[in-house]
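The values are calculated or read from the model by the stated rules, or taken from the named source; none is laboratory data. Since this is a predicted model, take the numbers as computed values, not measurements. Neighbour counts are summed over all protein chains in view; Cβ atoms, including those assigned to glycine, are modelled from backbone coordinates with ideal geometry. Protein only, heavy atoms only, side chains kept; ligands, DNA and RNA dropped before computing areas. Shrake-Rupley method; radii C 1.70, N 1.55, O 1.52, S 1.80 Å.
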Amino acid sequence: MCGIVGYLGYRQAAEVCMEGLLRLEYRGYDSFGIATVSPEITLFKETGKISAAKDSIHLNGTCGIGHTRWATHGVPSKTNAHPFTDCTGKLAVVHNGIIENYAQLKRELEERGHTFVSETDTEVIPHLIEEQYAGNLCEAVAKILPLLEGAYAILVITEDTQEIVAARKGSPLVLGIGDNEYIFASDGLPILDYTRRVIYLEDGDLADVTPAGYTIYHGAEVVERKTAVLEWDAADIRKGGFAHYMLKEMYEQPEVFSNTASSIAENPSLLCRLRDARSITIVACGTSANAATVFAYLMETVCGIPTRVVLASEFKYYPTPKNDVVIAVSQSGETADTIAALKIAKEKGAKTFCLTNVLGSSLTRTAETTFYTRAGPEVSVAATKSFTAQVAAFMEMVNIISGGKLTEDIAEIQRYLPEVLEYDVDAAVELVKDAATLLYVGRGLSYPIALEGALKMKEISYIHAEGYAAGELKHGPFALLSESTPVVAVCLSGITYPVMMSNLKEMKARCAPEIVLGNAGDLDAEEIADVFIPLPKVSEIAGSILASVVLQMLAYKTAVSLGTDVDMPRNLAKSVTVE
Ligand code: AGP
C-alpha cells in the first residue's frame, strides 16, 4: 500500500526519495510523487511505474518528501497523487493511511474558503495546517493532529525552513539517523543504503527534524525513543541475478527454514505458555492464515491442544475464550486487520503473542511477546519464503512442546527443500495456463497447502483458483468439473491416501485433467494423473510442506508464461494497511 519517504541532509533529496520509493515499490502502488524545498516547494507527480519516469524528475534541494500511492479515495491519477499542498503552495504533505472524517473536514474547510484539487482524504491535511501555520511548522502540525480520525503516517515540509515534521498514528514510520542526514520511511528498506541506526516512531509521536537534529514529542512531552539497528543487508533487497524477487525468495527457502527453526528454542517462556494453554486462537490473513492452519493441524494432532484459526478480519465478530492464548501471524507486522484483531484480543484479556518477519513492526508493539521469523526482507508481493519460515517456526514449536515428535519431519524438509526447488513443472504449466478455473485439493495437512497453492496461483497468474478439502468437492464444487477444469491434488502416502485416491478417481470420472503431487514410486497415483509430480518418499507431514514449494513454482512459472507482473501483481499490495 502507500509508501512514504522523506530526506533531510546534504544529498539531493529527490534522488534519495526516488531510490527510497523504488525500495518501497513492492508494497504496491499506482502513482507516485515527490516534493522538495528548492527554495520554494517544487512538485513532481506521475502515474504508473517510477522507473518509467525516473529521467523526468528534475527537482533540486536537500530537503524533500516522496510517496507511492495505492488508490483508496479517488482513481489513480496525477491529480490524486501525493504530495499535496495548501492554497498558498508553501506546504507539502505526504500521507499513508486513511483519514476517516475527511469528508466532514473538507466541507468545513471549503466553507472557510479552501479549494481542493483532488478526491483524496489526504488533501485536508495541508489545508488544516495552513490555517494554523504562523512560522512554526511543528506547532501547526501538533494543533491539527487531534482533528484527524483514522490512521496516518504523515510527513510535512514548508518552503520557509529546512525541516521535516512527521507524525504517526496507526501507520508505520521509521526515522533513519545518519551522519548529518535523516531519512524517514514506511519501513527500513529505503534507509539501509544510508544508515542502520533507526527509531521506530510510536503511535502518537510527532518528530521534528532540522539540520540541527531531531526532537520527538508525545503529546506535550519531549520523549527519548530507543534507537534500533537494522539487521537486514542492502544486498538482501536486490534481485541478485534472478529474473524476479519471487524466484530469488523461493530459492532462499532452504536457508530460511533452517534459520527460523533453529531460532525458536530461544524463547522458552512462550513455549511454556503454549504448552500450558487450554486453547489457542491464531489470527492472520492470506498466506499467514494458511501457515497458521498448518500450525493448528499440528498442534491439535501432535500436541492435543485445541487450536483454531480465525481470519483476522472476522475476529471481532467472534467471542474470545477466557484466558485464551492469541497469536497474530503476519509477515509484514503491518496488516491492519491482524493488528486490530490482536488489539481486541488484548482488551478481552487474552495472552497475546505475535509471529512476524519485521523487526519493530506495529504488531510487535501490540503483542506482549514477539517471535521473529528469520526470512529476511520479502519484496515480492506473493509470500513464499515467509510462509516457509512461518511453517518452520510453528513446526519447531510443536516439536519442542511434543518432546521431539516432529524431529524427523523437520530433518526431511531440510534435506529435500533444495531438491524440490529444481523440479520440472513445465508439463503442469502447460495443463493449467489456459484454464479459466483451477481446483486445488488436499486432506489433512495437505488441505492448507492446497489453499496456499491456489492463493499463489490466483494472485500472480490471475487464473481463478480455489483450494478445497478434497472431501468437500462433492458438496458443490463438483458441478464445476469438466475436461477444461484442471485439478491440482496433493496425494501423499499416509492416513489421507486411500480416500484421496478415491477422490482422484471420482474427479477423473468427471473428465477433470489431474496434476497429482504424490510420492515417487506410487504407481497408482502416477497412473491416474495426467501430470504426475513425484515428491521424495518422506513422511506425509514433510511431503505436504515440500509440496507447497512445488506449488509456488507452478504458480511462478505459469505467471511467467502468461507475462504477468510477477512481483507486483495488479491491484495487490504487500502490506495491507487498511481494514
Ligand atoms: C500472500 O501471497 C499475499 N500477498 C497475502 O495474502 C498476505 O499473505 C496477506 O496480505 C497477509 O500479509 P502479512 O503476512 O504481512 O500480514
* To do: Hey, can you find the accessible area per residue of the chain for me, probe 1.4 Å, expressed in square angstrom?
  => 37 Å²
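Using per-residue counts of other Cβ atoms within 10 Å, averaged over each peptide, order 91-99, 44-52 from highest down. Before the final figure, lay out each step's value.
On the way: 91-99: 27.0, 44-52: 16.3.
Final packing ranking: 91-99, 44-52.
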* Solvent-accessible surface ranking, highest first, for 30, 55 at 1.4 angstrom -> 55, 30
* Asked: In whole Hz, what ³J(HN,Hα) sequence does the stretch 518-526 give by Karplus (6.51, -1.76, 1.60; θ = phi - 60°), x for Gly and Pro?
  -> x, 8, 3, x, 7, 5, 5, 5, 5
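Evaluate E = 1/(1 + (r/R0)^6) for residue 229 and residue 368, where r is the Cβ-Cβ distance and R0 equals 25 Å; express this FRET efficiency to the nearest 0.05.
On the way: r = 23 Å, r/R0 = 0.93.
FRET efficiency, residue 229 to residue 368: 0.60.
For the stretch 199-258, which trypsin sites (Lys or Arg not before Pro) are in a loop by DSSP, counting at most 10 other Cβ atoms within 10 Å?
On the way: sites: 225, 226, 238, 239, 248; in loops: 225, 226, 238, 239.
Counting only loop positions with at most 10 other Cβ atoms within 10 Å, the trypsin sites (Lys or Arg not before Pro) in the stretch 199-258 are 226.
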* **Inter-site label distance for residue 475 and residue 193 at 7 Å from Cα along Cβ, in nm** => 5.3 nm
* **Rounded FRET efficiency, nearest 0.05, which uses the C-beta distance separating residue 565 from residue 220 and R0 of 51 Å** => 0.60
* **Fully extended contour minus Cα-Cα distance, from residue 118 to residue 314, at 0.36 nm per residue** => 67.3 nm
* Could you run the Karplus curve 6.51 cos²θ - 1.76 cosθ + 1.60 with θ = phi - 60° over the stretch 499-505 and give me ³J(HN,Hα) per residue in whole Hz, x for Gly and Pro? => 6, 4, 4, 4, 4, 4, 5
* Loop-resident sites, the stretch 229-325, for GluC sites (Glu not before Pro), counting at most 16 other Cβ within 10 Å (DSSP) -> 231
* Cβ-based charge dipole, the chain, positive-most Cα from 429, 91, 14 -> 429
* Once amide H atoms are built 1.01 Å from N in the peptide plane, which residues 5 or more positions from residue 61, or in another chain, come under 5 Å H to H? -> 13
* Using r as the Cβ-Cβ distance of residue 131 and residue 55, and R0 as 41 Å, what FRET efficiency do you calculate, to the nearest 0.05? -> 0.60
* Would you give the gap between the C-alpha center of the stretch 296-318 and the C-alpha center of the stretch 182-198, rounded to a whole Å? => 36 Å
* Accessible surface of the stretch 228-339 [probe 1.4 Å, protein heavy atoms]: carbon and sulfur percent -> 53 percent
* **Per-residue HN-Hα couplings for the stretch 192-207 [Karplus 6.51, -1.76, 1.60; θ = phi - 60°; Hz; x = Gly/Pro]** => 3, 6, 10, 6, 9, 7, 9, 10, 8, 5, 8, 4, x, 7, 10, 10
* To do: With everything on Cα atoms, drop me the angle between helix 13-24 and the longest principal axis of the chain, reported from 0 to 90° to the nearest 10.
  => 20 degrees
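Within 10 Å, count the other beta carbons around each residue, average over each peptide in 173-179, 350-356, and list them highest first. Intermediate results must be reported in sequence, preceding the final value.
Details: 173-179: 20.9, 350-356: 24.6.
Per-residue mean Cβ counts within 10 Å order the peptides as 350-356, 173-179.
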* Tell me, in nm to one decimal, what length is gained between residue 526 and residue 110 on full extension, where the rule is 0.36 nm per residue of separation less the Cα-Cα distance? -> 142.8 nm
* Kindly identify the stretch 393-526 as rounded, prolate or oblate by the Cα gyration tensor criterion: order the square roots of the eigenvalues as a ≥ b ≥ c, call it rounded if a/c is under 1.5, otherwise compare a/b with b/c, prolate if a/b is larger, else oblate. => prolate
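Rounded if a/c is under 1.5, else prolate if a/b is larger than b/c, else oblate: which is the stretch 272-374, with a ≥ b ≥ c the root eigenvalues of its Cα gyration tensor? Display every interim value, and only then the final one.
Values: a/c = 1.40, a/b = 1.22, b/c = 1.15.
Verdict is rounded for the stretch 272-374.
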* Structure fact -> Summing -39500 (n - 2.57) over every DSSP H run of at least 4 residues in the chain and dividing by its residue count gives a helix-only mean residue ellipticity at 222 nm, to the nearest 500 deg cm²/dmol, of -10000 deg cm²/dmol
* Extension reserve of the residue 269-residue 484 stretch, reckoned as 0.36 nm per residue once the Cα distance is removed -> 72.2 nm
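Quick check: net charge around residue 210, other residues with Cβ under 13 Å of its Cβ, Lys/Arg +1 and Asp/Glu -1? The partial results should precede the final answer.
Details: positive: none; negative: 160, 163, 181, 208.
Neighbour charge sum, excluding residue 210 itself: -4.
Which shape class applies to the chain: rounded if a/c is under 1.5, otherwise prolate when a/b exceeds b/c and oblate if not, where a ≥ b ≥ c are the square roots of the Cα gyration tensor eigenvalues?
Working: a/c = 2.13, a/b = 1.76, b/c = 1.21.
Because a/c hits 1.5 or more and a/b exceeds b/c, the chain counts as prolate.
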* Around residue 271, with a cut-off of 15 angstrom between Cβ atoms, what is the net charge of the other residues, counting Lys and Arg +1 and Asp and Glu -1? -> 0
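Can you give the net charge of the other residues whose Cβ lies under 11 Å from the Cβ of residue 41, counting K and R as +1 and D and E as -1?
Details: positive: 90; negative: 40, 86, 159, 160.
It works out to a net charge of -3.
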